[in-house]
Every structure is written in structure tokens, then in C-alpha cells.
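A.B. asks: Provided herewith is a single structure, encoded as C-alpha cells, for subsequent inquiry.
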Amino acid sequence: MELVQNFPFFSIILALFSGPLCSILGRRAARWVNTAVISAIGVMSLMVLAFTIRLGDSYVYRMGHFPAPWGNEIRVGQLEAWMAVFFCVVMLLSMLSGRRELEREVEESKQNLYYVMIGLLLSSLLALIYTNDMFTAYVFVEINTISACGLIMIRENGRTLEAAMRYMIMSLLGSGLLLMGICFLYDLTGHLLMSNIKEAVARLEASGEYRIPLLVTICLMSVGIAIKSALFPFHAWLPDAYGYSTLSSSAILSSLVSKGYIFLLVKIFYRVIGFDVIRESKVVNVLFVFGILGMILGSLFAIQENNIRRMIAYSSVAQIGYIYMGLGLGTLAGVIASLYHILSHAATKSLLFVAASGLTDVSDGRKDFWGLTGAGYRNRLAGIAFTVGSLSMVGIPAFSGFISKLLFAQAAYETSHKMILALVALALSTILNAIYFMKTVIRLYTPAWRAGLTVADARLTIRDQPLKSAMLVCFIVLNLILGLNSEPIVRLLLEGLERFA
């Protein structure tokens, strides 16, 4: 075994143990340790990606000396390595973008705790990406839940405490359903290792035994993860959680946490149950319907919002609906479109939150649209960045969102009985996206004097906020890379998914 094959395990352990280390260090030392750990894991993940591409296949890493069913293992391929690289990049950029706000909004004595939560969150995301064991996945789902809740409530004001309580209640409900599904699955198959479960499920499907219990199991796990990833109508906790957290928390929660759960669902569909069984169970039809409802209603909720951060949060409900609509198509092309949208949404949503923060900085801290009038002139880079993110969400060519919607449209053509509904939903959702995002951009570039608004002349340039400005540029570049260089990324996703099972 080559050294690089150990890196996925090293990454999970490094992120996991960086939390306790940050808890005993000084505030600045903890910050540097956190940055170094995320960077190191990103580099290791990139090396793993290069190795898996060269290998041309996935490989299994056994932890300990015992094989399954007594031992535990992780499975690594192109798709897993690529997701790990991308998650590390987005998390690093989000953390650096919100460093100033973190120091201003969180008590100095609790900033160490924040870095502890980030370490645990990264460890859980990596474990969800790499693990080949269902119970291990559940354990890290709970670690993810606790750390995400800590990131929401660390500001300790009324809004964040309420948001954290809502998040915890809904998330624990989802976790409970997922655990029940795993227990039923273990009872049916006698295994917890994903590959062993799939073989047992294939035998059950061939013999026709336990069809109803297996359907119930699939439904429990699907609904549990749908709740945790805020699929409509399980989204009630999301606007406050994203809208009132610190900047880094909002960027990370909106771009990564729900995507980690969705990636686990894709693993369950492909590696645990088998996608043919999932299609026959008709569960994908239910996900398709609720995905379309999320696309439309999430956008309608966003149109009604007057707070820019809550508007961006409600937009996430619509974008998560896109992902579930793609999964609900029940085709390989639909899954590829959903995976690509995970990347597109992660890059764009973080960009929007960071840009919105830069705009409120020059608007006396106001987040309402009236107070943001002309903010694009007062912070030109943030205005440009928000415009780029908005154009991406609408689906304008050259940006990542256009590629996502193009892939969804192409996937819809492969399913004759769902094609019309999917295309109509895509068109209607795009129009609604344009309404609330372009309305915001127009407001940002309406001169304050013309609107009769008086605001402090607090203009910001790149020199005033060099770190945040640099991160905004990085997010813009990342979005353009996804939009202008999509073919190799789509090919990588396709090759990785073919070896995923």
C-alpha cells in the first residue's frame, strides 16, 4: 500500500483531533492551527484525487487488523476525493472571509470553541464522504449535527439561540428516522458494511422476500436525510440559522453541511441499496415532487423577504430542491446534474453570503433592501461579487449555475414521463430567481441620493479589507472555473459515479 492511500484516514483523524487541540491553545494559535489543518487536509485530498485518477479505480482502506463484519473500512475513489478537495477549498475560503466578523461577534473566550466546532464539522464531512460503514456514517451524522448547532448558537443572541433550538429539534428528528432505517436494514441483511448490505439486498430483491420492510427502510432513511438537508417542507429552521449566524457559519452551513447529507444519500442509493432497487421502489418519484415544490416555493419565500441574508437563505431551499429534483429523475444524468449542482451551489452560496457581508459593512450594518440602496458603489468589489453570484443563481452563461441548469434540462429529456414537469419547473424557478436576485442587484446600484436615502459615507476598498477582498476574488474565480471549464469536471463526476457502486 502506498502512503497516499492512508491520507483519507489521516485527514479524518487530523480534523477530529484538531478540535481538542484548539480548545487548549490561545485564540490566535487556535486560529492558525485550524487554518493549517484545513489547508493540509486539502493538499492531502488533492494528492488522493491524483492517485485515484492514476489508479483508474476506487480502493478500500481497512482500519485495524480485522476484516468485515468485525472491522471497519473506508472506500476511496475519484468522486470521494474530488468532494473532499472541494469541501476543503470552500471551508478554507469561508473561514478566512469571516475572520474579522468572528472576532467582532463572538466573545474572545469562546473563539477557541468555534474552532473546535469547525474541526469536528470537517471531520464529520470527510467521514460521510469516505466511510463504507452505515453505523459509522450515523455516528458522524450526529457529530455533524452537534458541531453545526454549536456554530449557529455561538453568538448567543435571541435569534441564534432560537434558530439553534429549531435546528436541533428538526435535525434530531431526521437523525432518529435515519437510525431506525439503519436498524431495520441491519435486521434485514445482518450487515453494516455498505458493500455487504448491497449484496444482501440484491438477494432479497431476487427472491422477492421482505419487499415491504425494505421499502419502509428506504423511506425512513430518505425522509431522515431530507429533513436534515432542509428539503421542503422541512426547511423551517433554515432561514434563521443561515440568516443570523456569524458570516463563516452561514457560508459553511449553507454550502457544505446539507451537501454532506445529500452525498450520504447518494451513497445509500448507489452503494447500499442499489439504484435499480431505488427506482423500482418509486421513492425517487416522491423526491422529485418535493424537489419541484422546493424549487418553486423556496423562490416565492425569497421574493417576500426584505432581509438580504434571509433572502439568500430561502434561496437555498430552492437550490436544494434542484438537487432532489435531479435525484428524483431516477437516471444517471439526473444524479450527475445533482452532484454538479452541489459544487455550483456550494461555491455560489458562500460567495453571496460573503458579498452580502461586505455590502452591509458600508450600509450602517443594515440588511434590509432599503438600507442597502447604492451599496454597490460604496463597496465595489462586494457589489461585483454579489452580481456574479446572482447571475450564477439565475443561470446566465459563463457561470456555474448555467451549467447546472443545462445538465438538469438534458437529464429531463431522458425521462419522458417527467420531462414536461421538470422543464416547466426549471423555467419557472429561473424566472423567480431572476426576480429576487436582479431586484437586489438593481437596488445595490441605485444611487442613495436618488432614492432619498441618507447613509454614512463609509466607502470600502480592497485595501480596507484585504483578506475578505482576496476571498471574494477567489470565490468569483472558483465560480468561473465551474462555469467555463465544466467538461472535465462532469467527466470526473461521471467516471467517479460509475465506480461508486
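A.B. asks: Could you please let me know if Ile292 is touching a helix residue (DSSP H, G or I) at 6+ places or on another chain (Cβ under 8 Å), open to solvent by 10 Å² or more (accessible area, probe 1.4 Å), at pLDDT 90 or above and closer than 30 Å to Glu205 by Cβ?
C.D. replies: Working: touching a helix residue (DSSP H, G or I) at 6+ places or on another chain (Cβ under 8 Å): yes; open to solvent by 10 Å² or more (accessible area, probe 1.4 Å): yes; at pLDDT 90 or above: yes; closer than 30 Å to Glu205 by Cβ: yes.
Yes.
A.B. asks: Now, a different point. Scanning for something at pLDDT 85 or above, buried (at least 21 other Cβ atoms within 10 Å of the Cβ) and over 29 Å from Gly260 (Cα atoms), does region 405-417 turn up at least one residue?
C.D. replies: Checked against the condition, which is being at pLDDT 85 or above, buried (at least 21 other Cβ atoms within 10 Å of the Cβ) and over 29 Å from Gly260 (Cα atoms), region 405-417 yields no hits at all.
A.B. asks: Do we have Leu214 as surrounded by fewer than 21 Cβ atoms within 10 Å (Cβ to Cβ) and under 17 Å from Arg279 (Cα atoms) here?
C.D. replies: Details: surrounded by fewer than 21 Cβ atoms within 10 Å (Cβ to Cβ): yes; under 17 Å from Arg279 (Cα atoms): yes.
When the stated conditions are applied, Leu214 passes them.
A.B. asks: I'd like the residue in region 383-395 that is open to solvent by 10 Å² or more (accessible area, probe 1.4 Å) and in contact with a Ser or Thr (Cβ under 9 Å, 6 or more places away or on another chain) and, out of all such residues, is modelled with the highest pLDDT.
C.D. replies: Initially, region 383-395 is screened for residues open to solvent by 10 Å² or more (accessible area, probe 1.4 Å), giving 384, 387-388, 391, 394-395.
If we keep only those that are in contact with a Ser or Thr (Cβ under 9 Å, 6 or more places away or on another chain) as well, we get 388, 394-395.
On the way: Val388: 91, Val394: 87, Gly395: 85.
Selected residue: Val388.
A.B. asks: Restricting attention to region 4-12, does a residue exist that is open to solvent by less than 20 Å² (accessible area, probe 1.4 Å) and within 10 Å of Ser123 (Cα to Cα)?
C.D. replies: Yes; the residues of region 4-12 include at least one that is open to solvent by less than 20 Å² (accessible area, probe 1.4 Å) and within 10 Å of Ser123 (Cα to Cα).
A.B. asks: Which residues, counting only those in region 418-436, are over 18 Å from Met311 (Cα atoms) and open to solvent by less than 20 Å² (accessible area, probe 1.4 Å)?
C.D. replies: Lys418, Ala422, Ala425, Leu426
A.B. asks: State all residues of region 98-145 that are open to solvent by 10 Å² or more (accessible area, probe 1.4 Å), of a type in the set (A, V, I, L, M, F, W, C) and more than 15 Å from Gly260 (Cβ to Cβ); if no residue qualifies, say none.
C.D. replies: Leu113, Val116, Phe135
A.B. asks: For residues that are open to solvent by 10 Å² or more (accessible area, probe 1.4 Å) and hydrophobic (A, V, I, L, M, F, W, C), tally how many sit in region 366-382.
C.D. replies: Filtering region 366-382 down to residues open to solvent by 10 Å² or more (accessible area, probe 1.4 Å) leaves 366-370, 377-381.
Adding the requirement that they be hydrophobic (A, V, I, L, M, F, W, C) leaves 369-370, 381.
Selection size over region 366-382: 3.
A.B. asks: Go through the residues of region 59-79 one by one and say whether even a single one is open to solvent by less than 10 Å² (accessible area, probe 1.4 Å), in contact (Cβ under 8 Å) with a residue 40 or more places away in the chain and of a type in the set (Gly, Ala, Ser).
C.D. replies: Yes, that holds for at least one residue.
A.B. asks: Of the residues in region 477-499, how many are within 18 Å of Arg54 (Cβ to Cβ) and in a loop (DSSP other than H, G, I, E, B)?
C.D. replies: Summing the residues that are within 18 Å of Arg54 (Cβ to Cβ) and in a loop (DSSP other than H, G, I, E, B) in region 477-499 gives 1.
A.B. asks: Taking only pairs six or more apart or across chains, which ones have beta-carbon atoms under 7 Å, a first residue in region 308-320 that is under 18 Å from Ala337 (Cα atoms), and a second residue that is assigned to a helix (DSSP H, G or I) and open to solvent by 10 Å² or more (accessible area, probe 1.4 Å)?
C.D. replies: Note: pairs meeting the criteria are Val317/Phe301.
A.B. asks: Determine which single condition Ala164 fails, assuming it passes every other condition in (1) within 30 Å of Thr348 (Cβ to Cβ); (2) open to solvent by 10 Å² or more (accessible area, probe 1.4 Å); (3) not aromatic (Phe, Trp, Tyr).
C.D. replies: (2)
A.B. asks: A further question on this structure: Assess whether Leu172 counts as being aliphatic (A, V, I, L, M), in a helix (DSSP H, G or I) and open to solvent by less than 60 Å² (accessible area, probe 1.4 Å). Don't jump to the end; show me each part of the working.
C.D. replies: Details: aliphatic (A, V, I, L, M): yes; in a helix (DSSP H, G or I): yes; open to solvent by less than 60 Å² (accessible area, probe 1.4 Å): no.
Here the answer is no, as Leu172 does not meet what is asked.
A.B. asks: Run down Leu247, Leu253, Leu287 and say which single residue is closer than 16 Å to Val141 by Cβ and either acidic (Asp, Glu) or touching a residue at least 60 places away in the same chain (Cβ under 8 Å) (or both). Steps first, answer last, please.
C.D. replies: On the way: Leu247 fails: closer than 16 Å to Val141 by Cβ; Leu287 fails: closer than 16 Å to Val141 by Cβ.
After applying the criteria, what remains is Leu253.
A.B. asks: Which residue out of Ile53, Ile12, Ile74, Ile41 is aliphatic (A, V, I, L, M), part of a strand (DSSP E or B) and closer than 23 Å to Leu264 by Cα?
C.D. replies: Working: Ile53 fails: part of a strand (DSSP E or B); Ile12 fails: part of a strand (DSSP E or B); Ile41 fails: part of a strand (DSSP E or B).
Every option except Ile74 fails the conditions.
A.B. asks: OK, next. Quick one: which of Arg309, Arg279 is under 30 Å from Ala202 (Cα atoms) and charged (D, E, K, R)?
C.D. replies: Working: Arg309 fails: under 30 Å from Ala202 (Cα atoms).
Unique residue meeting the criteria: Arg279.
So that you can scan it fast, the table gives a plain yes or no per residue for (1) modelled with pLDDT under 85; (2) part of a helix (DSSP H, G or I); (3) closer than 16 Å to Ile118 by Cα:
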residue	(1), (2), (3)
Cys219	no, yes, no
Ser222	no, yes, no
Ile227	no, yes, no
Phe232	yes, no, no
Pro239	yes, yes, no
Ser245	yes, no, yes
Ser249	yes, yes, yes
Leu256	no, yes, yes
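The values are calculated or read from the model by the stated rules, or taken from the named source; none is laboratory data. Worth saying up front: this structure is predicted, and the values here are computed from it rather than measured. Here the Cβ is made from the backbone with ideal geometry for all residues, glycine too, and neighbour counts use every protein chain on show. When the accessible area is computed, the model is the full protein with side chains, heavy atoms only, and any ligands, DNA or RNA have been set aside. Shrake-Rupley method; radii C 1.70, N 1.55, O 1.52, S 1.80 Å.
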